[in-house]
Amino acid sequence: MDNNGNIFYADHALEINQPFGTFYVFKIPASKLIEVAFSMAAYSQNGRLSGVQRKLKEERIKQISLFSSSDSATFPNTIILSANFNPEGQFIEDEKITWKVNGDEIVIPTSKRLASIIDGQHRLEGIKRAIKDNPDVDFDVLCAVFIDLPFPQQAEIFTSINYNQRKVDKSVAYELFGYDLDDTNVENWSPDTLAIYFARILNNDPESPLKGHIYSSLKGSVKNETWSISTACVVESICILITNNATVDRYTIHQTKSSFFDKKGRERVTNVKSTAPLRELYINRKDKDIFEIVFQFLKKVESLGWFSDKNLVTTKTIGFIAMFEILKEALKEQKELSEFLTSLDNVSLRDLKKESFNFSGIGTAQVKEVIRQALNFKSA
């Protein structure tokens, strides 16, 4: 509210009640939201997370800005906010300026920046740039706001939205997660990050059986005309050798240290229960040994013709994962790798024709059972 008693903005709001808490959905002109919203970079303060946002990516902002200025501009998804905190993270109690809900109306008394962006910072920054370049670019945006929600809970929502929901192609997610591989400490690589690294090598090494056969949905990635496996498939296949749950491991590795004497990096997952056969190699950072096992396995099945025909189930997701499930079983039973690889000679290519298998959820189990029988493995 300004000196003349004028309210900055007010509009109808819809109350939404969910297990986590209550929030309100409303629309607001982008030009007005830009004035009142801010984002805080995530950083550690006294061992706790302050702020919930990631570093802004310039290229993404440029793309959103161009889109915002076009006739096709549309943003039907919500920008998520938490009201009544200032950019320094301090809770604001002054009722003259705090956001509030009166009946079915959201009331924003002032243009002071009192709304922290939980999710949607790139969208808003892109729209902001478009408006700066052309003041005529302005339109309503949809917002969801939590009132007086503390920063730790804001971070919890942000994490749930961006890491728990599978709303994008998993191959894209894996590629994006591994985008800065070259700039990170190997010691802090979670199982899926290590698997991404291996996938990159396998897709580019001239000696690799998978060279040119791994694709993602990222722009510029093209499926091989003969056969292709997704990045997600390769990552998940490798991960089963070193972890039971890559997400739990990742969160454990990256949690904030509470003291100087805390374990660091991969050592932190020592007490996380896992039946993965190459777990110790992973924890002890013997990545070359893990890769060598994977590479020898792939070279062996290649030599047997398992990748020679796109009509073989081993060139499909269900078959590829099944192969690694069998490798996992062999390693868990501490079978000598060379002997296990030799035993694969007993698997007939006729038994791996894709038309023999169901490509629904039971397909992988079917492929595993066929290979088990040929190797005289006990059925699961």
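No value in this document is a laboratory result; all are computed from the given coordinates. Source: prediction; values computed, not measured. Every residue, glycine as well, gets a Cβ built from its backbone with ideal geometry; the counts of neighbours run over all protein chains shown.
Which of the trypsin sites (Lys or Arg not before Pro) found in segment 282-375 are loop residues per DSSP with 14 or fewer other Cβ atoms within 10 Å of their Cβ?
Passing sites in segment 282-375 are LYS286, LYS310.
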Mind giving me the nanometre distance, one decimal, between the label points for LYS211 and ASN17, set 7 Å out from Cα along Cα→Cβ?
-> 6.3
Cross-link list LYS57/LYS211; LYS288/LYS316; LYS57/LYS128: which exceed 24 angstrom alpha carbon to alpha carbon?
-> LYS57/LYS211; LYS288/LYS316
Given 4 °C, 1.567 mPa s and a Kirkwood radius over Cα pairs, the Stokes-Einstein diffusion coefficient of segment 239-380 in µm²/s is 78
Please give the FRET efficiency for ASN311 paired with ILE161, using the beta carbon to beta carbon distance and R0 = 45 Å, rounded to the nearest 0.05.
-> 0.65
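Could you compute the FRET efficiency for GLU105 and LEU66, with r as their C-beta to C-beta distance and R0 at 41 Å, rounded to 0.05?
The pair GLU105/LEU66 has a calculated efficiency of 0.75.
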LEU81's amide H: which non-local residues (gap 5+, or another chain) put their own amide H closer than 5 Å, with H modeled 1.01 Å from N in plane and none for Pro or chain starts?
-> ILE118, ALA144, VAL145, PHE146
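Tell me, what is the FRET efficiency for ARG285 and ALA365 to the nearest 0.05, using R0 = 25 angstrom and their Cβ-Cβ distance as r? Spell out each step's value before the answer.
Values: r = 33 Å, r/R0 = 1.33.
It comes to 0.15.
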So who's got an amide H within less than 5 Å of the one on ILE229, skipping anything under 5 residues away but keeping other chains? H placed 1.01 Å off N, in plane.
-> ILE214, TYR215
Full-extension gain in nm, SER343 to GLU93, via 0.36 nm per residue minus C-alpha separation = 82.9 nm
